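For reference, the structure is listed below as structure tokens.
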Amino acid sequence: MRFIDRFCARFPRFGIPHLMRIIVFGTGLVFISSLFSDAPLVPLLSFSSHQIMEGQVWRLVSFIFVPTTGHPIWFAVSLYVAYMLGTSLEREWGTAEFNIFILFNIIVFAGAGMIMYFIAPFNAALFTDGFVNSSYIQFSLIFSFITLFPRSTFQLSLIIPIRASLLGLIMGGALAFDLFWVMRWAFPFNLFPLVLLIPYLLFSSHALRGNARDSRPQTRNKAAIDFHRAKKKVEQKQAAQAYKRKCEVCGKTDTDYPDMEFRYCSRCDGYHCYCMDHINNHEHQ
């Protein structure tokens with residue numbers, strides 16, 4: 001990651017700005033063509049190792065535009081989630097690093113699929129081809145977002161709020177159950193989707209270490225305990241009020257101070273909001 005950080009610092013304009021917007025738009029076009037065209041693009045763009053060896057090399061990249069569901073509602077939801085996560089990660093990492101992240105996911109998945117073509121039996125290679133699709137790149141996006149912003153909240157089924165860290169545990173458990181129990185008959189080829197951990201761990205290792213460090217129990221003196229008790233009371237009082245932004249230093253909210261400007265710190269590890277009095281005067285978390 002030090003090499004990637006140095007590269008991004010040296011070439012901050014590397015990559016395509018708003019890359020997730022392009023991916024979402026392209027996926028939408030492919031989905032629409034599959035509904036209204038007699039010659040849908042999905043079979044032409046899907047990953048297929050043996051057809052790549054026959055010269056259809058565009059499949060090494062085009063699989064990221066292939067929809068993973070045919071239901072219009074779930075497709076729209078998946079596009080919205082992918083766009084929200086992708087733009088958040090690009091805003092946090094920067095355009096250069098986010099482009100490298102997407103490119104690395106493509107290389108890892110497509111490369112693993114081609115390796116399986118050469119080392120596995122033909123039927124097994126066809127089986128693993130089905131795993132090389134945009135759904136596992138979306139998994140990588142989701143896990144990376146949850147690691148960077150563990151305190152954020154998702155609306156499960158657009159109704160039930162759920163903490164991002166808990167959602168990550170649920171999704172990880174569901175993926176493990178699917179791979180190690182539902183598809184255990186295909187061992188060891190059922191473990192192919194675990195390659196999504198490679199780009200995730202590479203780009204989120206720093207945030208993982210920070211989350212582990214923050215979760216360690218720490219001894220606090222009486223003054224610190226009293227301070228946190230008072231802070232908790234203030235937070236409970238503010239929780240009863242409707243606000244969108246709250247300073248993590250002084251606790252001011254846009255409800256209590258409507259004329260105050262609030263901003264998010266790009267140098268903090270996570271999604272932290274501060275008022276104008278503390279945006280440049282706080283310890284980075």
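The values are calculated or read from the model by the stated rules, or taken from the named source; none is laboratory data. Since this is a predicted model, take the numbers as computed values, not measurements. All Cβ positions, even for glycine, are placed from backbone atoms using ideal geometry, and neighbour counts span all protein chains on display. In case anyone asks, the SASA skips ligands and DNA or RNA and just uses the protein heavy atoms, side chains included. Shrake-Rupley method; radii C 1.70, N 1.55, O 1.52, S 1.80 Å.
What the table below lists for this structure:
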item	result
The stretch 16-106: chymotrypsin sites (Phe, Trp or Tyr not before Pro) in DSSP coil with no more than 16 other Cβ atoms inside 10 Å	Trp58
Qualifying GluC sites (Glu not before Pro) for the stretch 44-94 [loop in DSSP, other Cβ within 10 Å: at most 13]	Glu54
Per residue accessible area in Å² of the stretch 1-129, where ligands, DNA and RNA are left out and the probe is 1.4 Å	56 Å²
Sorted peptide list for 138-145, 265-272, criterion being average Cβ within 10 angstrom, highest first	138-145, 265-272
Stretchable slack from Ala76 to Phe177, in nm (0.36 nm times residue separation minus alpha-carbon distance)	33.7 nm
Per-peptide average of other Cβ atoms within 10 Å, ordering 112-124, 169-181 highest first	112-124, 169-181
Accessible surface of the stretch 17-118 [probe 1.4 Å, protein heavy atoms]: carbon and sulfur percent	72 percent
Full-stretch length increase - Leu197, Ile115 - with 0.36 nm per residue and alpha-carbon distance subtracted	27.8 nm
